[in-house]
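The structure appears below as structure tokens.
What follows draws every value from the coordinates through simple rules; no lab data is involved. Nothing here was measured: the structure is a model prediction, and the numbers come from that model. Using ideal geometry, Cβ is built from the backbone for each residue, glycine included, and neighbour counts are taken over all protein chains shown.
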Amino acid sequence: MTDQTEKNLYIAQNFTRQLIQKNISPEDVVSVHKNAVEKLFPRKMSEEQLAYDFLIEVMVHYGMAHREHQSLLQKQAEYEMEMKIATNIQKTLLKTDVPQLSSIDIGMISIPIRKMNGDYVHFLYNREDFLSVAVTDVVGKGVPAALCMSMVKYGLETLEYAYKDPSHVLEVINRVIEKSIDDSMFVSMFYGCLDVHKSIFSYASAGHEPALHYSAKHNKFFPLESTGLLLGVLPETKYSYNEIVLEENDIVIMMTDGVTEFRAHNEMDSREVISSLILENKHLSAQQMCNLLYKRVEEIQDFKLSDDFTVAIIKKIVFQSL
């Protein structure tokens, strides 16, 4: 206060670094300053006592808010690192290859609203005999959700020929997940298996969004309803399955609830929107229909999707004789 030089300012800056290293709070710094002024300039302090006391009270609340802010920044950095790890796990372990079959046209699109995709589609196929598809929705975040999806993939790939039975598949995956996830996570799955030669599509559901079946013969849509408990809730849960026959030009649309829940447009019937779009574009390829459906839902939600968007479509191709 009596010798305002650059040297003294430098000393003060070094003192500040020491205070930070020792984790001294802002209110304690003001209190130290107040005591020093009171000792060195007792006459002036009598006039400024109330101002210092007021400043200390302000710093108490400021210090609390500042520490909370720093804690939130640290948690955010940790969360971003976790999401980066989870995203890398997905890219490395959860690649989805869409199979190519001569008699079945297949399309798939999966768009996450954030870096981490909570949806997963897995195909299993045995040459031209059987085609199976699992559409999964994991309600969870970060590394646990990514690891859960990797467990789903591992469980599906170890089933070998048992993957032809949807009930058995869901019961096995349910036991795998029940042992591995905590109570805060939920997993739903729609599983379907197509016997290519017999054109029989068998399917089962574990609390998942019902698929849609377009029958070209009747020019009508039918929901593929199949009730079953979410995966991982009870270890000995049993699942039933149903069957339909796919005829030429029939289409099956499997999706997650991000496709059907138009949260900002409750007055719209989402399944009616999907059915109308598929009906108008049934002549297109399965992949083209997937892409059009995504664009349509994007438009309805003003290009701000409220959930991950995943849809898989299989279409029985018309047999053409030579």
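Comparing 273, 135, 252, which has the greatest mean-square fluctuation in the GNM of the chain with Cα pairs linked when under 10 Å apart?
Sorting by GNM fluctuation, first place goes to 273.
Determine the gain in length on full extension of the stretch residue 229-residue 100; use 0.36 nm per residue of separation and subtract their C-alpha separation, reporting nm with one decimal.
43.2 nm
Which residues does a label at residue 249 reach in segment 202-242, if reach means a backbone N under 12 Å from a point 7 Å past the Cα toward the Cβ?
215-220
Can you pull the one-decimal nm distance between simple spin-label points at residue 182 and residue 20, each 7 Å off the Cα toward Cβ?
Roughly 3.4 nm, to one decimal.
Restrict the search to segment 109-140; then list the chymotrypsin sites (Phe, Trp or Tyr not before Pro) that DSSP places in a loop and that have at most 12 other Cβ atoms within 10 Å of their Cβ.
none
When only Cα pairs under 8 Å and 6 or more residues apart are kept, what is the percent relative contact order across segment 96-316? Don't skip to the end; give the middle numbers.
Working: 461 pairs, mean separation 56.6, N = 221.
Relative contact order here is 26 percent.
Run down the aspartates and glutamates and flag those whose C-alpha is under 20 Å from the C-alpha of residue 316, throwing out any fewer than 8 positions away in its chain.
Result set, ordered by chain and number: 97, 105, 128, 129, 195, 243, 247, 248, 250, 280.
For the chain, set up a Gaussian network in which alpha carbons nearer than 10 Å are linked by springs, and say which option among 88, 126, 117 fluctuates the most.
Maximum fluctuation in the GNM of the chain, among the listed residues, is at 126.
How high is the relative contact order of segment 6-86, in percent, counting Cα pairs under 8 Å that sit 6 or more residues apart?
Relative contact order for segment 6-86 comes out at 33 percent.
Provide Rg over Rh for segment 176-255; use the alpha carbon set for both Rg and the Kirkwood Rh (inverse mean inverse pair distance).
1.06
Helix 26-40 versus the longest principal axis of the chain: what angle, 0 to 90°, nearest 10, using Cα atoms?
0
Whole-Å semi-axes of segment 232-311's equivalent ellipsoid, largest first, each the root of 5 times a Cα gyration tensor eigenvalue?
Numbers: eigenvalues 121, 89, 24 Å².
Semi-axes from the Cα gyration tensor: 25, 21, 11 Å.
Using only Cα atoms, figure out Rg for segment 54-97 and give it as a multiple of 2.2 N^0.38 Å.
Output field value: 2.07.
Counting every Cα pair in the chain, what percent are over 38 Å apart?
For the chain, the share of Cα pairs beyond 38 Å comes to 37 percent.
For residue 153, which lysines qualify as cross-link partners when the Cα separation must be under 22 Å and same-chain residues fewer than eight apart are set aside?
84, 91, 95, 115, 141, 164, 179, 238
Enter the angle in degrees (range 0 to 90, nearest 10) between the Cα long axis of helix 6-21 and the first principal axis of the Cα atoms of the chain, meaning the one along which they spread out most.
50
Could you please report the charge total around residue 193, scoring K, R as +1 and D, E as -1 over all other residues with beta-carbon less than 12 angstrom from its beta-carbon?
-2
Just to be sure I understand: with springs between alpha-carbon atoms less than 10 Å apart, which residue in 287, 21, 301 has the highest mean-square fluctuation in the Gaussian network model of the chain?
21
Residue 300 to residue 279: extension gain in nm, 0.36 nm per residue of separation minus the Cα-Cα distance? Numbers along the way, then the final one.
Values: separation 21, 0.36 × 21 = 7.56 nm, distance 1.82 nm.
Going from the current span to full extension adds 5.7 nm.
Write down the Kirkwood hydrodynamic radius of segment 25-130, to one decimal in angstroms, obtained as one divided by the mean of 1/r over all alpha carbon pairs.
Result for segment 25-130 stands at 20.0 Å.
Residue by residue, what Karplus-based ³J(HN,Hα) values in Hz, rounded to whole numbers, does segment 209-223 have, using 6.51, -1.76 and 1.60 with θ = phi - 60° and x for Gly and Pro?
Values, residue by residue: 4, x, 7, 10, 10, 8, 8, 5, 4, 9, 6, 8, 9, 10, x Hz.
Can you pull the Kirkwood radius for segment 6-86, inverse mean 1/r over Cα pairs, to one decimal in Å?
Over segment 6-86, the inverse of the mean reciprocal pair distance is 15.2 Å.
Distance check, please: which entries in 282/304; 7/34; 217/304; 198/295 exceed 29 angstrom between their Cα atoms? Numbers along the way, then the final one.
Values: 282/304 27 Å; 7/34 22 Å; 217/304 37 Å; 198/295 34 Å.
In this structure, 217/304; 198/295 exceed 29 Å between Cα atoms.
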